[in-house]
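In what follows, a single structure is set out as structure tokens and then discussed.
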Amino acid sequence: MHSSAKILHPEIERRFEAANINQISYLATDYLNHFNEVVMLFWMVADMPEIFEDIESWRPKSYVQYFKDSDFRMKEAVIRAYELSLPQFRNPFDELVLNINQLIIQTVDTLRSGLDAGLSGSSLTKEIDQLTAHVHEQLETLSNVINAADYNQESDPQFTGDDMVTLNQKGIDLFFPDHSDGAKESLSTELLGEKDQSVK
């Protein structure tokens, strides 16, 4: 579990919640929908083989491209937050996304071969379960990274009080881009004043 210590200024935290952005990782869970949708279709193929065409039309999309193509109201904030994510979150996230893309593509190819060979019924269901098990496992890991579920701020040697201030400053730049320098400085001063208390 991640530390319960306060990380963000309340106003920034409120805006993160509105955009479904995790206040520690700076990543949004909405991106999981890109993968969950195709996994759901995998599980439907045994009963509805005709939907395999929809599966084959699925293409990998980067985090940024996914939100650019979406109708999500706060997508620009989500994209900017991703760009500001600290390396201990963004690096494993990016690596997992690449792995999941490869797994899904491999699963599609394997299922196509099975369907072409006449695989159906319980045999097809068993094959789908086996193929998607690793995808599901990787998606759970990706969700944990996004939600900082296994992260403990106090035991992370990479995370310091300065990082907390940095996250808050990034939050100011993210959600208050049109504020004057004076207004941003006022917020920064407030955050810096909370630094010692927040990282205990």
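At-a-glance table
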quantity: Farthest positive-ward along region 13-71 dipole, Cα basis, beta-carbon charges - from PHE67, ILE24, VAL38; calculated: ILE24
quantity: Proxy reagent accessibility, fewest Cβ within 10 Å first, across SER143, SER113; calculated: SER113, SER143
quantity: Mean separation of Cα contacts under 8 Å (6+ apart) over length of region 38-113, as relative contact order %; calculated: 21 percent
quantity: Semi-axes of the equivalent ellipsoid for region 40-80, Cα gyration tensor, largest first, Å; calculated: 30, 10, 7
quantity: Rg and Dmax [Cα atoms of region 25-93; Å; Rg one decimal, Dmax integer]; calculated: 14.7, 43
quantity: Charge dipole magnitude, Cβ of K and R +1, D and E -1 - region 1-115, Cα centre, debye nearest 20; calculated: 540 debye
quantity: Chain lengthening between GLN130 and SER57 when straightened (0.36 nm per residue, less Cα-Cα); calculated: 24.1 nm
quantity: Rough spin-label spacing in nm, given labels placed 7 Å along Cα→Cβ, for ARG112 and ASN36; calculated: 2.7 nm
quantity: Order of SER70, SER57 - criterion: other Cβ atoms within 10 Å of each residue's Cβ, fewest first; calculated: SER57, SER70
quantity: Inter-label distance, nm, simple model (7 Å from Cα along the C-beta direction), GLU95/ARG73; calculated: 3.7 nm
quantity: Gained length - SER120 relative to GLU11, 0.36 nm times residue gap less alpha-carbon distance; calculated: 33.8 nm
quantity: Label-to-label distance, nm, for residues given as ASP47 and LEU84 (7 Å Cα→Cβ offset); calculated: 4.4 nm
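Here, each number is a calculation from the coordinates, and none is a lab measurement. Everything numeric in this text was worked out from a predicted model, so none of it was measured. Every residue, glycine as well, gets a Cβ built from its backbone with ideal geometry; the counts of neighbours run over all protein chains shown.
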